[in-house]
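Chemist: One structure is given below, represented as structure tokens, and several questions about it will come after.
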Amino acid sequence: MNSVYERITYLFDPLHHLWEHERMHRKISLFLVLFFLGGLFCIELRRLGLMPGPLMMLFPRSHFSAIEAAFTVVLILEVISLIFTIPCSFSRSVGKQFELLALILMRNAFKELSYFPEPISFAGNEEAILRILSDGFGALLIFALLGLYYLVQGKKQDEVMKPVDLFSFVAAKKGLALVLLGAFTFMGLRSGWLTAAGQVHTDFLHDFYTLLILADVLVVLISQCFQPGFYAVFRNSGFALSTVIIRIALAAPPFYNVLLGLAAALFAILLTIISGKLFGVRKSHSH
């Protein structure tokens with residue numbers, strides 16, 4: 001079994017290093033700028049009637065749609081970063097999912113702009129403006145709670161186990177991350193193909209988020225093989241529950257999505273404080 005873990009690590013680590021490299025970040029940043037400007041250019045061509053007929057249906061008429069598209073790309077990149085954080089501590093992976101929730105709410109706020117007329121006006125768009133305020137302030141509050149969440153985490157490590165078991169546990173999570181990376185790539189390519197073909201389909205990001213919840217539960221079950229104690233199982237299960245609440249928030253209508261997102265963040269913060277301050281003292285006395 002150790003040879004399998006070594007092969008998984010051999011495959012995962014170079015990919016992780018490549019993704020986190022500073023050069024890759026610079027290339028991605030440049031791509032986002034060019035993508036946004038290219039989107040504005042193509043939208044303007046359609047508005048002027050200078051785009052060929054078959055391509056015209058691929059681009060919207062609102063310039064604000066380019067903002068939504070750019071944030072969608074940012075979201076896709078953050079999902080990939082989330083996949084690479086799965087082998088890290090459970091709490092760090094959950095924190096990354098709250099980062100995604102904040103970005104999704106911000107994206108939803110910009111998405112509302114795509115329905116506004118140009119030039120932009122207040123009259124007739126009162127409900128859309130309320131949704132923008134709700135999603136925008138919701139993203140800000142979750143961003144603030146995320147900072148508190150990372151603050152209460154401190155420098156305490158989640159996995160306290162033998163070095164051999166720790167290597168096996170992390171390697172198992174790396175294997176899961178590789179599977180999720182393959183699934184995400186397939187779902188993204190399929191979504192792009194269906195969009196180009198003009199077929200209606202669901203948002204593949206939300207579909208993948210459901211897959212992430214199943215992955216979180218699987219990590220909890222895997223961790224039980226290496227950390228069978230009640231404390232670790234309950235804590236990891238609690239973090240998995242917070243991701244379920246996040247998923248419900250993504251499927252909820254405006255206003256409710258923000259409330260559910262805030263509830264999930266508060267749940268994770270309270271779980272961290274209780275497990276660290278109360279049960280942490282108990283664990284320290286037991287050693």
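Each row is one residue, and each column tells you yes or no for (1) at pLDDT 85 or above; (2) farther than 23 Å from A139 by Cα; (3) open to solvent by 50 Å² or more (accessible area, probe 1.4 Å).
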site: G229; (1), (2), (3): no, yes, no
site: A232; (1), (2), (3): no, yes, no
site: N236; (1), (2), (3): yes, yes, no
site: A240; (1), (2), (3): yes, no, no
site: Y256; (1), (2), (3): yes, no, yes
site: A264; (1), (2), (3): yes, no, no
site: L270; (1), (2), (3): yes, no, yes
site: I274; (1), (2), (3): yes, yes, yes
site: G280; (1), (2), (3): no, yes, no
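Chemist: Go through P87, P14 for me and flag whichever is modelled with pLDDT of 85 or more, part of a loop (DSSP other than H, G, I, E, B) and under 26 Å from A177 (Cα atoms).
Modeler: Of the residues listed, the single one that is modelled with pLDDT of 85 or more, part of a loop (DSSP other than H, G, I, E, B) and under 26 Å from A177 (Cα atoms) is P87.
Per-residue answers, yes or no, for (1) β-branched (V, I, T); (2) under 21 Å from the mean Cα position of the chain (by Cα):
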{"site": "L34", "(1), (2)": "no, no"}
{"site": "H63", "(1), (2)": "no, no"}
{"site": "A70", "(1), (2)": "no, yes"}
{"site": "V74", "(1), (2)": "yes, yes"}
{"site": "F84", "(1), (2)": "no, yes"}
{"site": "R92", "(1), (2)": "no, yes"}
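Chemist: Here's a follow-up. So G49 clears everything in (1) in a helix (DSSP H, G or I); (2) surrounded by fewer than 16 Cβ atoms within 10 Å (Cβ to Cβ); (3) not charged (D, E, K, R) except one condition, right? Which one?
Modeler: Result: G49 fails condition (1) only.
Chemist: Another question, then. Just the residues that are part of a helix (DSSP H, G or I) and over 13 Å from A177 (Cα atoms), please, taken from segment 214-230. Lay out the reasoning, then the answer.
Modeler: Within segment 214-230, the first condition is being part of a helix (DSSP H, G or I), and the residues that meet it are 214-226, 230.
V217, V220, L221, I222, S223, Q224, C225, F226, F230, listed by residue number.
Chemist: Which one of the conditions (1) part of a helix (DSSP H, G or I); (2) farther than 23 Å from G261 by Cβ does F59 fail to meet, given that it meets all the rest?
Modeler: (1)
Chemist: Would you say L214 is modelled with pLDDT of 85 or more, under 20 Å from A265 (Cα atoms) and not polar (S, T, N, Q)?
Modeler: Taking the combined requirement at face value, the residue satisfies it.
Chemist: Check L189 against each of (1) surrounded by fewer than 19 Cβ atoms within 10 Å (Cβ to Cβ); (2) touching a helix residue (DSSP H, G or I) at 6+ places or on another chain (Cβ under 7 Å); (3) of a type in the set (A, V, I, L, M) and name the one condition it does not meet.
Modeler: All conditions are met except number (2).
The values are calculated or read from the model by the stated rules, or taken from the named source; none is laboratory data. Nothing here was measured: the structure is a model prediction, and the numbers come from that model. Neighbour counts are summed over all protein chains in view; Cβ atoms, including those assigned to glycine, are modelled from backbone coordinates with ideal geometry. We work out accessible area using only protein heavy atoms, side chains counted, and drop any ligands, DNA or RNA first. Shrake-Rupley method; radii C 1.70, N 1.55, O 1.52, S 1.80 Å.
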